1. Where residues in segment 158-183 are charged (D, E, K, R) and without any contact (Cβ under 8 Å) to a residue 12 or more places away in the chain, which of them is nearest to LEU44 (Cα to Cα)?
2. I'm trying to understand the selection: among the residues of segment 68-87, which are over 15 Å from the mean Cα position of the chain (by Cα) and surrounded by 13 or more Cβ atoms within 10 Å (Cβ to Cβ)?
3. Looking at segment 30-40, can you tell me whether even one residue there is free of Cβ contacts under 8 Å to residues at least 24 places away in the same chain, more than 29 Å from ASP228 (Cα to Cα) and of a type outside the set (Asp, Glu)?
4. Mind telling me which of the residues LEU199, LEU222, LEU168 ends up being out of contact with any Ser or Thr (no Cβ under 6 Å at 6 or more places or on another chain), under 21 Å from ALA89 (Cα atoms) and not β-branched (Val, Ile, Thr)?
5. Check segment 177-192 and report whether any residue there is part of a strand (DSSP E or B) and buried (at least 19 other Cβ atoms within 10 Å of the Cβ).
6. Against the definition (part of a strand (DSSP E or B) and within 21 Å of MET132 (Cβ to Cβ)), how does LEU221 come out, yes or no?
7. Look through GLY239, GLY210 and report the one residue that is touching a residue at least 40 places away in the same chain (Cβ under 8 Å) and at positive phi.
8. Output yes when any residue across segment 41-55 is over 25 Å from PRO213 (Cβ atoms), in contact with a strand residue (DSSP E or B) (Cβ under 6 Å, 6 or more places away or on another chain), modelled with pLDDT of 95 or more and surrounded by fewer than 14 Cβ atoms within 10 Å (Cβ to Cβ), and no when none is.
Amino acid sequence: MPTKSSELGVFLGFPHGPDEFDIVCARNDTRKFQSASVVKLPILYALYEQYDGRLSDLAESCPLDPENRVGGSGILHLIDATPTVEDLARAMIATSENAATNQLIDLLDMAAVNDSAAKLGMERTRLARKMMTTLEDTDFEESGIRVPEDEPANVTTPLDCARYFFDLACEATLSPAAYERLRIPLSAQKDTSMIPRYLPYETDVAHKTGWLPSAALDTGLLSVPDRDAPLVFAVFVDGVSHGADAADAIAEIGDAVFSWLR
């Protein structure tokens, strides 16, 4: 389980407007955490932002470049298939597909993803390297993205993720059709080991998880009975001996919060 040296970041609240929440709990909500796969969220948004108004173009084929066929989460690097752009987006979120993520970063441009994050108020979120690549293999100078020496390349905060899901809950910046499609992979998230673990089976959760050897993260929207608005949640645990311990802690928090809200 997390120790005294672990870091816990939490934001729980019901959204009313940008930075307007009925806050249930906020702790270390502006602290920068290693984002792991949670950084895939602004990539998803940037895609639908760029394709909004021409969503039919998401059906275009988008072959994986050889250098993007990395391992880790997902299986696209193992099969001979030609996905569509939207296939890549759905795999990136629902199964945390790393090869799909890297292909979408090339398609969109890393700077554009960071611009989209900033538009949503995710001011402390940064995408600076692809998935499953080392710092030595990343040309930060070429990308023009500054990474302080004491920070991971990809970072985010609980509050930044709350702002992301406020935008989704209130459909504040994209068309209704774009939000409908953006929500699909978030609602089909295959990793249910954290916030959803102990919740009733029919509970509606749209979320994205992230794992590292020493950390776990879960953030999204949780529908709560007798509440008009969903709960925006972001629970991050870093600095543990095993990421599974962090996931256990997040699952316990999800169970306690849901029980209390009911």
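1. GLU180
2. ASN68, ARG69, VAL70, GLY72, GLY74, LEU76, HIS77, PRO83, THR84, VAL85, GLU86, ASP87
3. no
4. Testing whether each residue is out of contact with any Ser or Thr (no Cβ under 6 Å at 6 or more places or on another chain), under 21 Å from ALA89 (Cα atoms) and not β-branched (Val, Ile, Thr) leaves just LEU168.
5. Checked segment 177-192: no residue is part of a strand (DSSP E or B) and buried (at least 19 other Cβ atoms within 10 Å of the Cβ).
6. It is false that LEU221 is part of a strand (DSSP E or B) and within 21 Å of MET132 (Cβ to Cβ).
7. The conditions single out GLY239.
8. No, segment 41-55 contains no residue that is over 25 Å from PRO213 (Cβ atoms), in contact with a strand residue (DSSP E or B) (Cβ under 6 Å, 6 or more places away or on another chain), modelled with pLDDT of 95 or more and surrounded by fewer than 14 Cβ atoms within 10 Å (Cβ to Cβ).
The values are calculated or read from the model by the stated rules, or taken from the named source; none is laboratory data. All of these numbers come straight from a predicted model, not from anything done at the bench. Here Cβ is always computed from backbone atoms with ideal geometry, including for glycine, and neighbour counts include all displayed protein chains.
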